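Heads up: the structure comes next, in structure tokens.
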Amino acid sequence: MSCERCPHHGNQCIQRDRNPQRKKLIVVGDAPMIYEIRANDFFQGSTGDLLRACLRQLGASLDDIWFTGVAECMNADRSKPTPPEVIEACRERLKTEIPPGSKILLCGAAALESLAPEVGKIRTSRGLMVDLPELESVAVLTYHPAMVFNDPFFFTDFLNDLRKFILRDVPYEVRIPETILCQTIRDVQYAVRTLRQTSDLLVLDLETTSLDPLDGEIVLMGLQGADDTAFHIPGTLLDRPYVRRLLKGLLESPSLQSAAHNIGFDTKWVYHKLGIDWRPTIDTMLLHYTLDERSRDEDDTRGNANRGGMMGIHGLKTLTQERYDVPDYSRPLDDYLKQLAKDRKASGDPREVTFGDVPNEILSPYLTRDLYFTRLLAKDLYREAVEEGVAKVHDNILVPAALAFRDVELTGVMIDTDVLLSAKQQFETESQACLDRLKMISGDDEFNPNSPKQVAALLYDKLKLPQIRGKGRSTDQETMDQLSGKHEAVKLVVEARQKTKMIGTYVDGILKRLSADGRLRGEFLLHGTQTGRLSSRNPNLQNIPVLIGPLIRNAFIASPGYTLIEADYSQLELRVAALFSGDEKMIDSYRRGIDIHRVVASEVFHVPPEQVTQMQRYIAKYIDFGILYGRQAHSLAANELQCSVEEAQ
């Protein structure tokens, strides 16, 4: 397409010579904004300042860099992405600005579409350095600085990508090791003997039919020591007692230095299925967490999440892509599983698709790459952790804790289902009372408090409640908080919703996760929060609201012949906070043995300390710890306190 036929033709544009000095560091962005038109240059304004500041911080000279964009003419409608027709029309112009042998930083989706469309989407390919043979150049893919400016969560990734752009000249050279598939006991003997002799660091990875060792099977075990060989042992061989004894001798050796990506997963399977108490010394997922504490996208149990098109922060595939320039190598496996699931559905086959259905020629290369990149990461990340002074956190806290939680998760806890069913009955009764009253107010026997449309009709049409500015006919929690007190229907809707949530999350949610032995086996995450606090899921046992706590917690019981013991440091974080802050009132309270939560509750509720109720103390406790860990009023209101945002504030 010619320039004259471009949809942007005739718009205001940047007019200048096109890289007259033939600079070989090229930064490519989107079509220009109005302030860039006025400056007659790309990457101006706040986002341009951010980009330039980062480049200077990394030691780059801005005089050596040519800033440009996918189009020279302004996009009249900045609410929409630059049209593909514009990118296509300007592609040849952009190429003339790039001399052979250049390093290019492609910022954002439009830049990627212009020069490397075959790579994929920016959110799943950022961090890669790729060859551009047509231009005889290389390119690093990253977010547009405007995205980083609007959401600082992405700043670490952005800075890492710029560092690669400045410091690295060619993509990382990957050397995938040879794979040996063990088919006999003699093969396993050879593998164990070889690994004992050549391994300075042994890496183990498993491919399984499920995430839960209680209801799944091991399909393949992978072991790698020396960089040039990976050994794979099928699950059929792992069933042999002699093979297990061989592996037990290898993996339980006191002198063994070993690693995995998410040891909580692999050690649990090895212990439960093979009876081997393997205690690795390095977890590459937790190592990365010590270097980058972000946790927005939860990694799945294997550490390979892809939430909303963006791979998990600590996922193996994410780290492999960022550090070793390898695109997500799970695509052949994923494609096979999707096609097989589609075929089974079409044929009426109800069986669930698992890794056990994948042929070895697809699964084996995937496993070998998991092993290879875990081994690279173990060495590189550990070196960085030592340099940053955080290796001891990994060695002395996170790895021992992960192994302890392996046992906790496998053991689980006994649940008294009668207590839960009784709580469910109480919640249903209370919810029905709210619903009956709402039906009377609305005049609708089919009224559903969980229907935003019906609730909006009740509040704004029938009851004529005022619409909150900027929220329209919203019925979300924030809006309901602001409407609280305007009519009893608001409180009834909120309460009915809460009771429904209690049933779904804390009653049915627990009951459906019980194992056949009546025990609940949740997951505990050491890398699930930015603050370093422990978190849990499936179900989340740490956010049971205060007001219903006893109803749910009483269902957790000891096995026959045992007693549950609760032990906790007394207000440890607050004592540390008092020490570092130097707050005289807090320090004095602790020296005198005064209950700090009771003191805070006294001030919050304006009552003498001796008149503070247990519930008021609970609320003060959540406030105290919440402030330390950066929680906001809306979070406390929606979870533990089960109150309005105004009350929580």
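The values are calculated or read from the model by the stated rules, or taken from the named source; none is laboratory data. Please read all numbers here as calculations on a predicted model, not as lab measurements. Ideal geometry is used to build each Cβ from the backbone, glycine not excepted, and the neighbour counts take in all protein chains shown. Surface areas here come from the heavy atoms of the whole protein model, side chains and all, with no ligands, DNA or RNA. Shrake-Rupley method; radii C 1.70, N 1.55, O 1.52, S 1.80 Å.
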Next on the checklist: Could you put TRP278, TRP66 in order of accessible surface area, largest first, with the 1.4 Å probe and the full protein assembly present?
Outcome noted: TRP66, TRP278
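Can you work out the accessible area per residue across segment 161-277, with the rest of the protein chains kept in place, probe 1.4 Å, in square angstrom?
So segment 161-277 comes to 45 Å² accessible per residue, rounded to a whole number.
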Next on the checklist: Cβ neighbours within 10 Å, averaged per peptide: list 429-437, 39-47 in order, most packed at the top.
Outcome noted: 39-47, 429-437
Item to check | Distance between segment 168-224 and segment 243-262 - C-alpha centres, whole angstrom | outcome: 12
Checklist outcome for this item: Which residues qualify? For SER258, with a placed amide H closer than 5 Å and at least 5 residues away or on another chain, they are LEU202, THR281, ILE282
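With respect to the cross-link table entries LYS499/LYS621; LYS491/LYS512; LYS268/LYS392; LYS95/LYS164; LYS486/LYS621, which display a Cα-Cα separation exceeding 26 Å?
LYS491/LYS512; LYS486/LYS621
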Next on the checklist: Given a 1.4 angstrom probe, what's the average accessible area per residue across segment 326-419, in square angstrom?
Outcome noted: 52
Item to check | Eligible lysines near LYS273 by straight Cα distance, threshold 19 Å, same-chain separation 8 or greater | outcome: LYS248
Checklist outcome for this item: Sorted on mean Cβ neighbours within 10 Å (highest first), peptides 174-185, 20-31 come out as 20-31, 174-185
Item to check | Calculated from backbone phi, Karplus (6.51, -1.76, 1.60) coupling profile of segment 187-203 in Hz, x at Gly/Pro | outcome: 5, 5, 4, 5, 4, 5, 4, 5, 5, 5, 7, 10, 8, 8, 8, 8, 10
Checklist entry - Nearest 0.05, what FRET efficiency do ILE565 and GLU388 give at R0 = 41 Å with Cβ-Cβ as r? => result 0.65
Checklist entry - How much of THR411 can a 1.4 Å solvent probe reach, expressed as accessible area in Å² and rounded to 10? => result 80
Checklist entry - Rolling a 1.4 angstrom probe over the protein heavy atoms, how many square angstrom per residue are accessible across segment 468-609? => result 58
Checklist entry - Sequence-distant or interchain residues sharing an amide H contact under 5 Å with LEU181, placed H: which? => result HIS232
Item to check | From the coordinates shown, Rg and Dmax of the Cα atoms in Å corresponds to which of (i) 29.3, 85; (ii) 26.1, 79; (iii) 27.2, 88 | outcome: (i)
Item to check | Sum of side-chain charges, SER559 neighbourhood, beta-carbon under 12 Å (Lys, Arg +1; Asp, Glu -1) | outcome: -1
Checklist entry - Residue-wise, which Karplus ³J(HN,Hα) couplings in Hz belong to segment 342-357, taking 6.51 cos²θ - 1.76 cosθ + 1.60, θ = phi - 60°, and x for glycine or proline? => result 5, 5, 5, 5, 5, 8, x, 7, x, 5, 6, 7, 9, 4, x, 8
Item to check | Most to least packed among 572-581, 491-500 [average Cβ atoms within 10 Å] | outcome: 491-500, 572-581
Checklist entry - Where the accessible area of the chain is counted over protein heavy atoms with a 1.4 Å probe, how much of it, in %, is carbon and sulfur? => result 51
